[in-house]
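J.: There's a structure below that I have some questions on.
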Amino acid sequence: MSQDHRYQPLTKEVEAEIHEEEVTATKAKKKYFETKTIFALLCGVLLVPTATWIFGPTNLIEGELVQSFGSEGSEPVSLCETTDLLSIQAPRKNIWKNLSIKEATDIREWLWQPERGLNLTRSAIAADNDNAIFLIEAYVPPKAAALAYLNGSAEPPLKYAHAVVHHGNTEQIVDYLIGPVPLSSKTSMRPLTEIYHRPEIPYNAHGFNPNSTTMGLLLSSTFGPMSDITMDLFGGISKGHANDTLIGSATAPMSYDGSWRKAWVGLKLNVPGHYLFPVDLYAYFDLSGTDPSQWKLLKLVYNGQVFASEAEFRQAWSEGKLKKSKKPLLNDTSEWATRTRKNKGGRRDLDDRAGPRSVSFDGLRFRVDQEEQYLTWMDWSLYLGFERDMGLNFWDINFKGERIIYEISPQEAMAQYSGTDPHQATTVFLDRAFGMGASVKELMVGYDCPAEAVYLPATVHTATGSSTRLNAICIFEKDSTKPLSRHTGWLKDEMGAIKGYELTVRSISTVGNYDYLFDLTLQLDGTLELRVSASGYLQGGVWDPSQAPYGHQIRDTSMGSLHDHVINYKVDFDIAGTRNSLMSAMLEMEETTAPWVDEDWGETFKQQRVVRKMIKSENDSKLEYAKNMEGMYIVTNEDEHNSWGNARGYAIHPGASTIHLTNLDCKRTENNVNWAKHSLAVTRRHDNEPYSSSMWNIHLPGKPTVDFYKFFDGESLEQEDLVVWLNLGTHHLPRAEDSPQTLTNVATSSVLLTPYNFHDYDVSMDALNAIILNAPEPGKPWNVDENGVKPSYCVPRKLPDFSYTGLLQFEEDGSPATPAEIIEQRKIGT
């Protein structure tokens, strides 16, 4: 057949001829390949066992070499370097590390001894009127002693611990300072009062005790007799049994000044995602003191109707006078509040393929001393600490051999809600009370962090003993997917780019319904990013049209309620030493003239200029970010300058959603969250002002144990040791897309701490993972310089199957605890 047939119109006869030839060729190929396939299979069956018997077993995938069959003559490909941890020995001991399980157990047993005079009951069985240990933890050493040790001029500071004891028999809480530790004849204890703003900690401000029996009995004795009513109104009952179809949850704060303790308790359907299934019944209880026999129901609210007692509520129901709200949909089988893909759309194209993952082809580029929790990466170094209240913190942060920050630590995380019902309208949660650190969960490898990340454990010592999360912290390097700097140019060495690699340290806490992702990210130019992202469940409210100003309907009777998240951080800068100052650099408009002004444009022109001002005292250091981001705040060292005469410093750059609290005039936040009422604030550092909040502040808005505003007493900020207290957060107006769970891409907030004349130039220019391009002569190739850095050509090692450990729990005596049943894990939030 002539090839011209491909380029000319075909007649029917020619088309038939072509078709016949194609059919014949296809049959021949099919027969040929069927024969070859059978032959190949026979060869495999016969030859492979023979070769194995002669040469031994082979493994082409898991061995050291993998043959590439992509093209003729291709070379074997090695497996990539291992991404196991690269070790390093910390230059100093980690003096901020929490107590070991043995140290905490020894202190617990020491406190139990009659010589201490505490008359303690084991926390797991203690009633409210007993004395019991609530917390044991390392106490941070004085900064001066720590710096003397770090600078090599002194021995490590003496180690101390502190222990919080609930004295139920006298209705007070005492925080005891204990030390030195390890225990010896020199060890003593005393009340730790100097870090608090009131001499006593009232018992009515306590957190939730591990023994919840008395509270459970109160709820069951209240709602159990109403089972016929709740079954009629909501299709469920709450009798205090494991299989109850309704469960309760309390709001906060429970007190104003500690003189009483009262709480609203709302009911929810006991189903997966129960946070999104509230029902329209709220009970207000008086829980004051330590005698449960004195606790009582004060009122009930149903559909906006208030009842002074259960009897009054029952009478209205039985007489048909109750104005009923919409009954929850009980036969909903959509599982909309779970993570199942059922009824949530079809399969996406190519989604059955595993997505991209991060691989360090040349191995990891950071080092960790696991024992001392010390980390280095690209001229950065720092120590990790961990505590019950707020979890992961960072110490002695150095860049290129200079300390720039002594401490970065989260201080508090609050959420204030709005709505028309008692549960939404009265809720202000301060999560330090629940324990962000105690609520840290094991990270899901490959989902919460990259599979090749290094994972570290975290241990806390709370009321019922010690607990360890094996994979509580992850450390990983990532490609930001954008160059840190780049330019296209034509003169010598103008053109090139630096790869934007970053190192992130992450932990995740699940406190009730919300999951908080805490990130510290280091960058090559000396910049640090602090970021908090949120996921998990909304605190749902009962939807009716009157709730429209406070959220959106997300299901038949459920809504997402409007709320603020504000998370406070402490950043103790040491810029070229501890003597630092605070400068504002703000933009303002000016109208000016110059001799060269062209009269065609008028005699003057307008432009912006920088106005630099030193903020000299604490009287002026409660600050807001500039409108339209027209300026910044810089921590400087006015005694230290770069080569160009500029004071060395670090600037605070607001990133995503750097908010402060919206509601600035509320009795439930009167004095306990003063840190949340500004974008940031700066104080002179003192050892007796270590935190902006406390675990008891949640229930003491009128008279908190830590009143942040009392840090501000007019002290000078000129060349003093300064602390920046800055806020992250979001104004969360929930939408349907927040169900079943909130998305971290929107619910996120960040701030950048970045060099500001700290160096003489951009020090990331010394990074080797960079390229310089120079234009060639016509017709010749471009001149490329990649500093000799080429990624290895290798095959990544096989990932292990996913596994999850959960929590390793230890009893009060230090012995391993029996794994808890799911219902018990749910009660204590493990």
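The values are calculated or read from the model by the stated rules, or taken from the named source; none is laboratory data. Since we're looking at a predicted model, the values are computed, not measured. Note that we place each Cβ from the backbone using ideal geometry, even for glycine, and neighbour counts take in every protein chain shown. Just so you know, the surface numbers come from the protein's heavy atoms only, side chains and all, with ligands and any DNA or RNA stripped out. Shrake-Rupley method; radii C 1.70, N 1.55, O 1.52, S 1.80 Å.
J.: Looking only at region 358-415, which residues are out of contact with any strand residue (DSSP E or B) (no Cβ under 7 Å at 6 or more places or on another chain), open to solvent by less than 30 Å² (accessible area, probe 1.4 Å) and not small (Gly, Ala, Ser)?
T.: Listed by number, the residues that qualify are 369, 389.
Residue by residue, here is whether (1) open to solvent by 10 Å² or more (accessible area, probe 1.4 Å); (2) at pLDDT 95 or above; (3) touching a Gly at 6+ places or on another chain (Cβ under 8 Å) holds:
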position	(1), (2), (3)
427	no, yes, no
430	no, yes, no
436	no, yes, yes
441	yes, no, no
447	yes, yes, no
459	yes, yes, no
464	yes, no, no
467	yes, no, no
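J.: Does at least one position in region 530-550 carry a residue that is open to solvent by 30 Å² or more (accessible area, probe 1.4 Å), at pLDDT 95 or above, in contact with a strand residue (DSSP E or B) (Cβ under 6 Å, 6 or more places away or on another chain) and within 27 Å of residue 380 (Cα to Cα)?
T.: Yes.
J.: So is residue 226 at negative phi and within 33 Å of the chain's Cα centre (by Cα) or not?
T.: When the stated conditions are applied, residue 226 does not pass them.
J.: Moving on. Output the number of residues of region 119-175 satisfying the condition of being in contact with a strand residue (DSSP E or B) (Cβ under 9 Å, 6 or more places away or on another chain), under 23 Å from residue 407 (Cα atoms) and open to solvent by 40 Å² or more (accessible area, probe 1.4 Å).
T.: 5
J.: Before we move on, is residue 335 among the acidic types (Asp, Glu), open to solvent by less than 90 Å² (accessible area, probe 1.4 Å) and either at pLDDT below 95 or within 28 Å of the chain's Cα centre (by Cα) (or both)?
T.: So residue 335 fits the description; yes.
J.: Additional query: List, please: which pairs have Cβ atoms under 7 Å, are six or more places apart or on different chains, and start with a residue in region 149-163 that is over 22 Å from residue 190 (Cα atoms) and end with one that is crowded, with 19+ Cβ neighbours inside 10 Å and of a type outside the set (A, V, I, L, M, F, W, C)?
T.: Final answer for the pair search is 150/396.
J.: Here is a further query. Name every residue in region 211-249 that is of a type in the set (Gly, Ala, Ser) and out of contact with any Phe, Trp or Tyr (no Cβ under 6 Å at 6 or more places or on another chain), in order of residue number.
T.: Residues satisfying the conditions are 212, 216, 220, 221, 224, 227, 235, 236, 240, 242, 248, 249.
J.: I'd like to verify a number: residues in region 232-263 that are in contact (Cβ under 8 Å) with a residue 40 or more places away in the chain and either assigned to a loop (DSSP other than H, G, I, E, B) or buried (at least 23 other Cβ atoms within 10 Å of the Cβ) (or both), how many?
T.: Residues meeting the conditions: 15.
Yes or no, residue by residue, for (1) within 19 Å of residue 465 (Cα to Cα); (2) modelled with pLDDT of 95 or more:
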| residue | (1), (2) |
| --- | --- |
| 174 | yes, yes |
| 181 | yes, yes |
| 193 | no, yes |
| 197 | no, yes |
| 205 | no, yes |
| 210 | yes, no |
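J.: Please go through region 250-270 and give me each residue that is among the β-branched types (Val, Ile, Thr) and touching a Phe, Trp or Tyr at 6+ places or on another chain (Cβ under 6 Å), ordered by number.
T.: Hit for region 250-270 is 251, nothing else.
J.: If we keep just the residues of region 176-223 that are among the small types (Gly, Ala, Ser) and in a loop (DSSP other than H, G, I, E, B), which is surrounded by the most Cβ atoms within 10 Å (Cβ to Cβ)?
T.: Once the filter is applied, the top-ranked residue is 207.
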